Amino acid sequence: MRKLATAAVSFSGALFMAHYLLPDHALLISAAVCAVLSLAGLLFRSDTRLRIFLVCLGLAAGFLWTDAYTALFFAPAKALNGKTESVTAVVTGYPGETDYGSKVTVSVRVPGRPSLKTQLYVYDAAPDLTPGNTIEFTGKFRLADTVYGENTDTFLSKGVFLSASLKGDITVTGAGASPRYIPAVLAHAVTEKLKEIFPADVSGFMRALIIGDTSGLSQDTALSGALSTTGTAHIIAVSGMNVAFLMGVLGVLIKNKRLLAAVGIPVVFLFMAVVGFMAPVTRAGIMQLFLLAAPLLKRETDGVTSLSASLLIILLFNPFAVGSAGLQLSFSATLGILLLTGKLYDWLERPLRDRKIYGHPLFRKPVRFVLGTLATTAGALVFSLPLIALHFGTVSLIAPLSNIAVLWAVELTFIGGIVAVAAAFLFAPAGAAAAFIVALPARFIVNAIIGLGRVPFAAVFTSNPAIAAWLVTAYLMLVVFVMLRARARQLLLPACLSLATLCLVLILTASFSDRRGLSVTALDVGQGQCIVVTSGSYTEVVDCGSTSGKDAGDILTKYLQSHGRTTIDLLVLTHYHEDHAGGVQEVLERNKVAALAVPDPSIDTGALPGEILELAADKGVRILTVTQDTRVNCGGETVTLYAPIGGSDENERGLAILCSEGGFDALITGDMSAGIERRLVAAERLPDIEVLIAGHHGSKTSTSDTLLSAVTPEVALISVGYNSYGHPAPETLQKLALAGIATYRTDRDGTVTVNAP
């Protein structure tokens with residue numbers, strides 16, 4: 001019996017139940033119930049008795065630890081929520097840039113309690129701080145369980161309990177040089193060295209691959225989107241693969257097992273510390289430590305035991321880590337590899353073993369690599385795919401091919417990158433020369449992933465309800481066949497049925513989408529706007545941006561692909577503000593766009609207009625600068641682009657768009673003020689419309705009585721998310737209600753679609 005595994009899984013199971021199912025007040029009661037149930041073990045003998053004890057007491061311990069940890073850390077953080085306080089803290093990381101300034105992680109001292117890890121936001125240039133600095137500052141604190149009004153596990157799962165907005169200045173009261181911050185200093189040095197020696201086109205990828213720093217990928221929207229689409233995001237999630245590469249090199253250099261353990265254990269631990277003890281690498285590192293220690297302790301290693309023990313250790317340090325998508329995916333994928341990959345590989349290789357050509361090394365080695373990659377990918381996906389679909393809404397169909405295409409180069413690039421960095425610290429020219437060579441396979445990986453990500457139906461998305469239903473049905477069939485103890489060959493039946501069903505879903509989705517008349521969709525992009533207008537096979541997008549943490553470009557791309565739309569025939573920008581145009585570059589990178597209609601770029605003094613137009617030109621997109629009213633005929637739909645009609649504010653110098661087909665009309669006014677709306681009504685012959693996209697996210701300064709009286713809409717869509725502006729304004733909502741206009745808002749109703757009858 002796997003005693004440690006049984007206890008660890010029970011303990012971890014209690015933490016998962018506490019996080020997702022049980023209210024806080026039920027934890028102690030649940031612990032008591034489990035403790036009492038453990039007494040049932042006295043009725044049994046031997047292994048059964050022990051198993052009951054381990055399960056029940058493991059559950060009880062998990063509930064108790066969750067309650068205690070909450071009291072120690074979350075309760076003090078909750079006491080600071082919403083308050084502005086002057087505090088003393090210790091800097092635990094280096095400052096980093098944000099869209100609005102900078103941020104730095106600090107540990108806030110709380111009298112009589114453990115320090116609270118806090119993300120401090122500075123709306124200015126990054127302060128000159130280093131790990132170990134003691135600082136004093138005044139900040140407004142908020143619990144880190146909510147971001148832009150939505151609950152999130154992102155910060156709590158990393159042990160960050162608070163966020164704070166700086167009020168005033170930071171005072172450094174102590175330098176500090178504790179050895180505990182050596183890994184952070186080393187990580188920063190490696191990151192800076194990677195920036196220095198690698199070319200800009202692969203620098204971000206190399207930092208993500210080697211050190212887990214994905215900040216450099218945020219600007220590379222084509223790559224970041226393709227990683228998800230192709231099922232290769234695990235490459236940049238520093239995890240078991242990286243640890244295996246590292247130990248593989250040490251294994252080649254050190255043949256003595258005891259010496260390998262003596263060197264490998266501190267190397268693995270240092271590697272975990274340098275990348276910040278992220279859940280995937282910590283899981284892999286602990287399992288590797290078990291593997292290295294087994295010969296020294298004269299014990300056989302057991303994959304399931306070491307996997308469950310690593311989960312136990314991670315959750316002992318932070319029970320809130322159960323909410324981490326990275327942790328869930330890492331453990332589910334590893335469990336699938338441990339339980340299934342060997343069997344899948346054996347099944348795939350068996351028909352080849354008796355073939356004469358298979359005995360030739362030149363043939364056998366590459367075939368084994370392909371079969372091994374297929375078996376590993378399939379094994380990893382069996383348990384992790386539902387979680388990927390749940391967390392990210394993506395099901396990569398091209399993942400097996402993508403991994404075969406690039407994994408051979410990933411090992412070379414990872415090891416080569418480490419060698420290049422080490423050489424750069426010793427002799428800069430040697431590091432630069434090594435980086436030049438390593439950049440070659442790195443470019444291959446990046447370009448291959450981007451190219452594969454553009455393959456039609458490389459991935460499908462659960463935003464299409466039919467895809468979600470298909471995935472659930474496929475797994476139900478798999479479960480039924482497994483419960484019936486079907487043989488490996490018999491499992492081909494549900495696999496083929498699932499594939500045939502998926503093809504049918506994709507064909508029907510594309511077919512029904514092309515047959516519809518005019519359809520207007522307001523995507524839920526948070527505080528921003530992205531409107532999709534379709535008519536038959538024609539696709540028009542108006543605006544794409546968000547300022548509330550949502551990736552508008554990614555949301556749009558997934559929406560279009562899930563509905564079988566591969567081309568944006570016309571992309572229109574009402575104006576260039578971030579909440580309307582911030583996602584456009586990603587849209588241009590990841591989608592085929594035929595034409596782009598924009599207002600005069602000189603209306604905005606920022607860099608965004610120039611960046612968008614330059615990228616569009618590079619992509620061969622036809623650019624139409626609208627300086628006078630323009631009508632575009634697109635099949636059965638007519639799109640009228642109303643040129644800006646004055647105003648001093650950038651919001652007032654944007655475009656308005658009227659989409660018409662038959663007797664169905666939809667009007668989009670961007671962020672126009674009431675005054676400009678009145679000018680529009682006076683200058684143009686606007687028809688009675690069916691759909692109005694409420695101006696400026698429902699602001700009280702837009703959607704005037706004059707406009708409503710002139711166009712008499714039946715439905716109003718408000719594209720809005722969490723904000724501090726009061727959008728949508730009560731006055732606007734009341735105005736729409738009094739006019740008898742059915743109103744839908746994306747912050748409450750999600751993505752909203754209105755179809756022509």
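The values are calculated or read from the model by the stated rules, or taken from the named source; none is laboratory data. A quick note: this is a predicted structure, and the numbers were derived from the prediction, not measured. Using ideal geometry, Cβ is built from the backbone for each residue, glycine included, and neighbour counts are taken over all protein chains shown.
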query: Based on what the data block shows, is Ala729 out of contact with any His (no Cβ under 6 Å at 6 or more places or on another chain) and in contact (Cβ under 8 Å) with a residue 24 or more places away in the chain?
result: yes
task: Tell me which of these Lys700 doesn't satisfy, since it passes every other one: (1) among the basic types (Lys, Arg); (2) under 35 Å from the mean Cα position of the chain (by Cα); (3) within 26 Å of Ala595 (Cα to Cα).
output: (3)
task: Kindly provide the set of residues from region 452-474 that are surrounded by 18 or more Cβ atoms within 10 Å (Cβ to Cβ), β-branched (Val, Ile, Thr) and either in a helix (DSSP H, G or I) or at positive phi (or both), ordered by number.
output: Ile467
message: Filter region 133-153 down to the residues that are buried (at least 16 other Cβ atoms within 10 Å of the Cβ) and free of Cβ contacts under 8 Å to residues at least 12 places away in the same chain and list them by number.
response: Asp145
task: Determine whether Ser402 is among the hydroxyl-bearing types (Ser, Thr, Tyr), crowded, with 22+ Cβ neighbours inside 10 Å, out of contact with any Asp or Glu (no Cβ under 6 Å at 6 or more places or on another chain) and within 30 Å of Trp470 (Cα to Cα).
output: yes
query: Within region 704-714, is there a residue that is in the same structural domain as Thr625 (by TED's automatic domain parsing) and within 22 Å of Leu596 (Cβ to Cβ)?
result: no
query: Only one of Gly248, Gly212 is within 26 Å of Thr130 (Cβ to Cβ) and not acidic (Asp, Glu); which?
result: Gly212
field: Entirely in region 685-757, the helices (runs of 4 or more DSSP H) that have 1 or more residues that are among the hydroxyl-bearing types (Ser, Thr, Tyr) and crowded, with 22+ Cβ neighbours inside 10 Å
entry: 730-738, 746-749
- request: Could you check, for region 370-389, whether at least one of its residues is buried (at least 17 other Cβ atoms within 10 Å of the Cβ), more than 30 Å from the chain's Cα centre (by Cα) and more than 23 Å from Met278 (Cβ to Cβ)?
  value: no
query: Can you tell which of Leu72, Leu15, Leu28 is at pLDDT 95 or above, part of a helix (DSSP H, G or I) and either polar (S, T, N, Q) or in contact with a Pro (Cβ under 8 Å, 6 or more places away or on another chain) (or both)?
result: Leu15
message: Looking at the structure I just gave you, is Tyr100 among the aromatic types (Phe, Trp, Tyr), under 17 Å from Ser165 (Cβ atoms) and either surrounded by fewer than 19 Cβ atoms within 10 Å (Cβ to Cβ) or in contact with a strand residue (DSSP E or B) (Cβ under 6 Å, 6 or more places away or on another chain) (or both)?
response: yes
message: Against the definition (assigned to a strand (DSSP E or B) and in contact (Cβ under 8 Å) with a residue 24 or more places away in the chain), how does Val406 come out, yes or no?
response: no
field: Flag for Ala233 being surrounded by 15 or more Cβ atoms within 10 Å (Cβ to Cβ) and within 16 Å of Ala448 (Cα to Cα)
entry: yes
statement: Subset of region 508-527, residues polar (S, T, N, Q) and in a loop (DSSP other than H, G, I, E, B), comes to Gln527
- prompt: When region 529-547 is examined, which residues are found to be under 19 Å from the mean Cα position of the chain (by Cα) and either among the small types (Gly, Ala, Ser) or more than 23 Å from Ser724 (Cα to Cα) (or both)?
  reply: Gly545, Ser546
field: Of residues in region 549-587 being more than 18 Å from the chain's Cα centre (by Cα) and charged (D, E, K, R), the one surrounded by the fewest Cβ atoms within 10 Å (Cβ to Cβ)
entry: Glu578
task: Mind counting the residues in region 651-684 that are β-branched (Val, Ile, Thr) and surrounded by fewer than 19 Cβ atoms within 10 Å (Cβ to Cβ)?
output: 1
task: Name every residue in region 10-43 that is within 14 Å of Phe53 (Cβ to Cβ) and touching a residue at least 12 places away in the same chain (Cβ under 8 Å), in order of residue number.
output: Ser10, Phe11, Cys34, Ala35, Leu37, Ser38, Ala40, Gly41
task: Sort out for me the helices (runs of 4 or more DSSP H) sitting completely within region 158-231 that have 3 or more residues that are charged (D, E, K, R).
output: 182-197
task: Only residues that are polar (S, T, N, Q) and surrounded by 16 or more Cβ atoms within 10 Å (Cβ to Cβ): list them for region 504-527, please.
output: Thr509, Ser513, Ser519, Thr521, Gln527
